[in-house]
Amino acid sequence: MCGIVGYIGQKPATPLLIEGLRRLEYRGYDSAGIAVIGGDGVQIQRAEGKLAQLELLLRDHPITGVTGIGHTRWATHGKPSETNAHPHRCQNVVVVHNGIIENHDELRIDLEGEGHQFESDTDTEVVCHLIYAYLKKGCDTLLAIRKTLHDIRGSYALAILNVDEPTHLYVARRGGPLVVGFNGGDAIVASDVTPILPHTRRMVFLEDGDFGRVSATGLELFDMEGTLLTRPFQSIPWNPIQAERGGYKHFMLKEIFEQPQVIEDALTGRLSRGRVTVKELQEVCGGDDFPFDDITILACGTSYHSGLIGKYIIEALAGVRVTVDLASEFRYRDTITSERSLVIPITQSGETADTIAATQLMKDRGQKVLAICNAIGSTITRLADATMLTHAGPEIGVASTKAFTTQLVVLYLFALDIGQRRGKLNADVVVKHVKELRRLPRQIQDLLEHGKRLQPLARELAEADHALYIGRGLHYPVALEGALKLKEISYLHAEGFAGGELKHGPIALIDEGTPVIAMALKDAVYEKMLSNIEEVRARGANVLALVTEGDETLRAKVHHVIEIPETNPYLAAVLASIPLQLLAYYVADHKGTDVDQPRNLAKSVTVE
């Protein structure tokens, strides 16, 4: 959730660190700091609040040098403050850290017993004290770090400076992502590829248990026993310009409008001559058509909603039973799975801690894992047997938009491929699905071109105290996702419900003027939704209905309608998501909230 940047080379480190931290702002944070080794040793500047506060400090108190580390912190242990901000220091050891040191209390007690004095309330500070304690006992830096890593429990991505070694920067990883990029005489360390992309696409991704030493021209990595490792370089195809706003007011708005193109990208290479081919599926199926009895989907947040929609699609098109679990709950219960279950973790970043842990649990049981992810080289892609990449490109806004819709498209392609393999879908049916898939980007573009019509509705909704979203069938999870978007970025209380559940409790929330956003597209449960809309209208709700284009039945019965182009029910879920994203965006923009970095949230949830 926090962000790490490190630099070693020939250029001034401070501007490179600040630039890198700015590219990590989207992850969410409450304080920031940097440490740079110069002629006078190490200098540290930290500030509570946004990065601009740190930049003001550096303007008045500049620090110079060519080796340094930086950090944006999202508070877990200790309130947001300058004292709790990273980097943390003990004598000549300086550390930045993502993750949680679970046994920090007992380690702190032991270290205080040896005379160490702590300045912060963080779990991180024990790391620099431990390393320094081992240095005092005669260990070199690598050995001191290795012994420290054996002492601590929990998750970490660490970047470490020893002030006495200005030509080196040390790294370690367990649970949290860490990447090293090289460009001639410069090395850049980061917790994400985005700070590295403007400088190089040549990167090494650390694996769990790796630690090592970075110089301007090379990287030495070791396992926890001190054995030298070799990790391959990878070339990341993303263009750094993709991560710029490009004239849009917010990253989220830019990413909403990128959906026609990224969905084209998600389809590329997977549709051919009226057939669907997901080559990653072949990697887990081997020589069999589909050697699994059922599918277990593991995900959190927005990815969980895409998994719920995927369940409807896969069961309908492929005839395979699907279970969808919140990864954060799955890992803490006595789960029962078959040896012939295929596990599908879904995660935009590939670094979601709960999803990784739940997937590892299944891997340890010998299950096959086929991931859906947007981040090449991320932890989940290395853990999985194969990965269906969504090809959404960098998503900077914390509230997921294009990553969500590309997940839906990939799940749809996956379902079609299994349906073909199992003989449930004949060639003519698949051809029809392929034609509708090819129309999808243009249909989304049409919706976006008329998106500004939602602004008056958004201004009206912004005045409400809360809003309810209702849907049935696969539009029930669409309602969940619509409500999540609204509350994430506008802070307006919103809840999603299955329409059939209204009378079992939620209808008590309806009174005069309550906004209800109803998914009422023409499908198998259309008439049921009409009844649910009548139920809330009878109690005074103001209903905004998403309807299939040309549906005049509801226009006279509700306050507002949003028309969705006609397509099959499965792709209608993708199309219905677009105006819900825009509606949430316009409400938040009208209210003046921080759209791209909503309070208390982070893009990659790398801690429990």
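Laid out as a table, the results:
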{"read-out": "Calculated P(r) tail over 15 Å for the stretch 280-320, as whole % of Cα pairs", "value": "52 percent"}
{"read-out": "Average accessible area per residue (Å²) across the chain - probe 1.4 Å, nucleic acids and ligands excluded", "value": "38 Å²"}
{"read-out": "Whole-number D in µm²/s for the chain (Stokes-Einstein; Kirkwood sum over Cα pairs; 37 °C, 0.692 mPa s)", "value": "129 µm²/s"}
{"read-out": "Centroid-to-centroid separation of the stretch 133-165 and the stretch 403-473 [C-alpha atoms, Å]", "value": "50 Å"}
{"read-out": "Residue 183 paired with residue 491, simple spin-label distance in nm, labels 7 Å along Cα-to-beta-carbon", "value": "3.7 nm"}
{"read-out": "Largest-first principal axis extents, alpha carbons of the stretch 463-579, Å", "value": "34, 30, 25"}
{"read-out": "Under 16 Å from the residue 335 label point (7 Å along Cα→beta-carbon), backbone N, the stretch 281-316", "value": "293-301, 303-305, 307-308, 311"}
{"read-out": "Extreme residue, positive dipole direction of the stretch 501-571, given options 502, 568, 518 (C-beta unit charges)", "value": "502"}
{"read-out": "Dipole magnitude of the stretch 3-95 about its Cα centre (Cβ charges: Lys, Arg +1; Asp, Glu -1), debye to nearest 20", "value": "200 debye"}
{"read-out": "Dipole magnitude of the stretch 467-605 about its Cα centre (Cβ charges: Lys, Arg +1; Asp, Glu -1), debye to nearest 20", "value": "260 debye"}
{"read-out": "Area projected by the alpha carbon convex hull of the stretch 84-133, averaged over all directions, nm²", "value": "3.1 nm²"}
{"read-out": "Inter-label distance for residue 223 and residue 436, nm, one decimal - labels placed 7 Å from Cα along Cα-to-Cβ", "value": "5.0 nm"}
{"read-out": "Per residue Cα convex hull volume in Å³ - calculated over the stretch 63-162", "value": "104 Å³"}
{"read-out": "At q = 0.20 Å⁻¹, base-10 log of I(q)/I(0) for the stretch 1-113 (Debye sum, equal scatterers on each alpha carbon)", "value": "-1.04"}
{"read-out": "Diffusion coefficient, µm² s⁻¹, Stokes-Einstein with Kirkwood Rh over alpha-carbon pairs of the stretch 380-445 at 10 °C and 1.306 mPa s", "value": "115 µm²/s"}
{"read-out": "Mean projected area in nm² (Cα convex hull; one quarter of hull surface) for the stretch 397-483", "value": "7.7 nm²"}
{"read-out": "All-pairs Cα distance distribution in the stretch 164-314, expressed in whole percent, bin size 10 Å", "value": "9, 23, 28, 28, 11, 1, 0"}
{"read-out": "Rotationally averaged projected area of the stretch 341-394 (alpha carbon convex hull; nm²)", "value": "3.2 nm²"}
{"read-out": "Total charge dipole magnitude, the chain, about the Cα centre, Cβ charges on Lys, Arg, Asp, Glu only, Debye to nearest 20", "value": "1420 debye"}
{"read-out": "FRET E, pair residue 321, residue 524, Förster distance 25 Å, beta-carbon r, rounded to 0.05", "value": "0.80"}
{"read-out": "Candidate aspartates and glutamates for bridging to residue 528, where Cα separation is under 18 Å - those fewer than 8 sequence places away on the same chain excluded", "value": "501, 551, 552"}
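The values are calculated or read from the model by the stated rules, or taken from the named source; none is laboratory data. Everything numeric in this text was worked out from a predicted model, so none of it was measured. For neighbour counting, all protein chains shown are included, and Cβ atoms are generated from backbone atoms with ideal geometry for every residue, glycine included. Surface areas here come from the heavy atoms of the whole protein model, side chains and all, with no ligands, DNA or RNA. Shrake-Rupley method; radii C 1.70, N 1.55, O 1.52, S 1.80 Å.
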